[in-house]
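The structure appears right after this line, and notes come after that.
Every number here is computed from the coordinates shown, using simple stated rules; none is lab data. Predicted model only: the values in this text are computed from it and were never measured. Here Cβ is always computed from backbone atoms with ideal geometry, including for glycine, and neighbour counts include all displayed protein chains.
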Amino acid sequence: MTTTGSALGFSTLDQELDETELPCHGQLPEWLEGDLLRTGPARFEVGKASYKHWFDGLAMLHRFRFHHGRVVYTNRYLRSNAYREAGAAGTIRRPEFATNPRPTMLQTLRLSSRPKSGDNGNVNTSRIGDHTVALTETPHPVAFDPDSLATLDSEALQPSLPGQITTAHPHFDARRQCQYNYLLEFGRVSRYRLYRIDVGSTDAQVVATIDIQRPAYMHSFGMSDRYLILTEFPLVTNPLSFLLRNRPFIQNYRWEPERGTRFHIIDKDTGEVVKTAQADAFFSFHHVNAFEQDGQLNVDLIAFPDASVVNQLYLDHLRSGASITATGRLTRCTVDLAGDSAVSLHTLAEASVELPRFDYRGRAGQAYRYVYAAGTSPGASFFDTLHKIDLETGETDTWSEVGCYPGEPVFVPRPGTRDEDDGVILSLVLDTTAGHSILLVLDASDFTELARIKVPHAVPFGFHGNFFSLPPG
């Protein structure tokens, strides 16, 4: 049966390619040299068993290498333990976000204390020490070779701190030369642990610990120059429910809007929780940026009125072609650091967006002007638009094309520039009319198309990736 429309993006991809030069239509900037490394779900069935949710599929890595005006593509499944065990058994063996093939007490959690569990790194790519890694929401990064995409031994990267849940969105602090993330340890009293890993190291150092009775689901967190921000949305769980109910991971969480949304603000250097502030209930997957200004802390994120977006991302719904509202509003949450604990919320743009990016290398933790994001038009069945949002003027530039579904817009700055939109946007786009994907290259300053690069197959919709400059030589 032929899959058409946006449902094509939720079909299993079997083909793996090595060092395949891709045809490019248009003109690439001469300075664009490096690797776009992406990960995402690409196998949604194993034997007769099917994953239930977009977040569940087995991870595939994709590398687009820009070098001397050429683009060379390699894609390969991440040979995680989840992948290898499923292949050996001919069925799904490990639980994922919303799929639980064998509902035992430990497996339901996706967080067995055994090493190497929960390692389906289908959310993001990053670096830890000298290792290039694929990440998911358990603290088991999987190392891979950035040239061949071969999966490597990840024993040295296994967590040294207790905890079962983390984010696939660590923050890098260029001034302190370290990476920050957090761990959630379930227990009678659960704990959030914020930690840092210094450049050149793989050892985690605890920055702060916060005790909590009912932990929240947090896909990302915020970072300003001075602070880390844990935003607790009222999608919460009782850890005992995992052991007693044998449900898939996310189904153990409940929406409790009466709790409101809590912002824990932690000093990076002292570990002190300097403030816990409160807002009305809302939900978010993705923080964008945070910065201090005039005694206030601004925390920008993509806000949803509630957590029902999670249910829209089950595969049955996404494959049906029905319209979705799985995009939110770019929202600024402002905390008066010296005042009361109420958080004010302000919508920064009316566009419905998700998968936000900005000039992270130049503006992380600082005041900034531009946000790039994927969006939906009214009635769309999936992301069908790219946006550039100007936070100073309120203006929004867009890119869209009939039958095309773009992914996360990755900003790559021109080397040596100080202008935060001097660079290009890279977005992997599914062209359903042609039946394959393209890598779209936009000029970030005016959002015009510079080039499009044809990919030989339809790449399933993924989540995140990053651009890594090539080493000299």
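Here are the numbers for the structure shown:
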item	result
Global geometry of the chain, whether rounded, prolate or oblate, following the gyration tensor of its Cα atoms and the 1.5 cut on a/c	rounded
Long-range HN-HN contacts of Thr12 with modeled amide H, under 5 Å	Phe44
Candidate aspartates and glutamates - alpha carbon under 17 Å from Lys275, same-chain residues fewer than 8 apart omitted	Asp211, Asp225, Glu232, Asp267, Glu292, Asp294, Asp336, Asp340
Pairwise centroid distance, computed over Cα atoms, of segment 430-449 with segment 238-267, Å	38
Highest to lowest packing among 403-409, 246-252, 274-280, 210-216, scored as the average C-beta count within 10 Å	403-409, 246-252, 274-280, 210-216
Environment charge at Glu392 (Cβ cut-off 15 Å; Lys +1, Arg +1, Asp -1, Glu -1)	-4
3J(HN,Hα) from dihedral phi, segment 42-52, Karplus parametrisation 6.51/-1.76/1.60, rounded to Hz, x for glycine, proline	9, 10, 10, 9, 10, x, 8, 8, 10, 6, 9
Unit charges on C-beta of K, R, D, E only; dipole of the chain, Debye	1800
Amide H contacts of Asp225 (H built 1.01 Å from N, under 5 Å, at least 5 apart or other chain)	Glu292
Nearest-0.05 FRET efficiency for Asp211 and Thr448, computed from C-beta distance (R0 56 Å)	0.60
Selection from Pro23, Pro41, Val288, by position along the positive dipole direction of the chain (Cβ)	Pro41
Coil-residue trypsin sites (Lys or Arg not before Pro) of segment 335-370, DSSP, other Cβ within 10 Å capped at 16	Arg369
Given charges at Cβ of Lys, Arg, Asp, Glu: the chain dipole, positive-most of Phe144, Leu440, Ala342	Phe144
Efficiency of FRET between Ala88 and Glu256 - r from beta-carbon atoms, R0 35 angstrom, step 0.05	0.30
Sites Glu155 and Ala342 - FRET efficiency at Förster radius 45 Å, r taken between beta-carbons, to 0.05	0.45
Karplus-derived 3J(HN,Hα), 6.51/-1.76/1.60, for each residue of segment 131-139, Hz, glycine and proline x	9, 8, 9, 9, 10, 9, 9, 10, x
Within segment 357-473: Cβ-based charge dipole about Cα centre, in debye rounded to nearest 20 (Lys, Arg +1; Asp, Glu -1)	460
Note, ³J(HN,Hα) from phi for segment 311-323, Karplus 6.51, -1.76, 1.60, rounded to Hz, x at Gly and Pro	6, 6, 9, 5, 4, 4, 5, 5, 7, 6, x, 5, 5
Low-density loop positions, trypsin sites (Lys or Arg not before Pro), segment 172-241 - DSSP coil, at most 14 other Cβ in 10 Å	Arg175, Arg176, Arg188
